[in-house]
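Quick notes on the structure that follows.
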Amino acid sequence: MPKSLMHIVKYIFLFQSLFLYFPAATVYGGETPSVPDTRVYFINIKDGQTLKSPFLIQLGLTSEMGIAPALADWPDTGHHHLIIDSPPPNVNKSISNKHVHLHKGQTEITLKLTTGKHTMQIVLGDYSHIPHDPPVVSKIITVNVE
Ligand SMILES: [Cu+2]
């Protein structure tokens, strides 16, 4: 076997053993990396707030990352998703269309919700709607709609 090929084989073994010794961490999203310390948050709505439908929601993203429309595979970017009355999405999969995608890169949206309590969470997704690794998600807030 030529020496260069031996090297490649050695690296493949090394690479595989890394996977054996470092199994997946607890939370770990798609393949697009997020920038450390990035946060998404509700700008104008607080947990426990009472709102009159329809209402405007403004979504914030800290400056570590930027907003890009869906399908634009630009480094350190993503688009907002609003998860309403639903548990957090699977971070390894494309966020379903039953959730609200702000796929044009919007940072605010007007929502009409039925009277009563609703939970909301922001999840940043990459160009293909998959959460980043590690995922950038907000706290789940509850609002009371009149
Ligand atoms: Cu999306």
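The length gained by stretching the chain between THR142 and THR50 to full extension, at 0.36 nm per residue less their Cα-Cα distance, is 32.2 nm. If a spin label sat at a point 7 angstrom from the Cα of ALA72 along the line to its beta carbon, the backbone N atoms of the stretch 92-108 nearer than 14 Å would be those of 102-107. Taking label points 7 Å from Cα along the Cα-to-Cβ direction, HIS101 and GLU31 give a separation of 1.8 nm. Evaluated at q = 0.19, 0.20 Å⁻¹, a Debye calculation over the C-alpha positions of the stretch 36-77 (equal weights, vacuum) places log10 I(q)/I(0) at -0.71, -0.75.
Compactness of the stretch 42-146, taken as the C-alpha radius of gyration over 2.2 N^0.38 Å, stands at 1.04.
Take every DSSP beta bridge whose two residues both sit in the stretch 29-145, then give the antiparallel share in percent to the nearest 5.
80 percent
Read the figures in this text as sums done on the coordinates, not as results from a lab. Just so it is clear, the structure is predicted and the values come from calculations on it, not from any experiment. Neighbour counts are summed over all protein chains in view; Cβ atoms, including those assigned to glycine, are modelled from backbone coordinates with ideal geometry.
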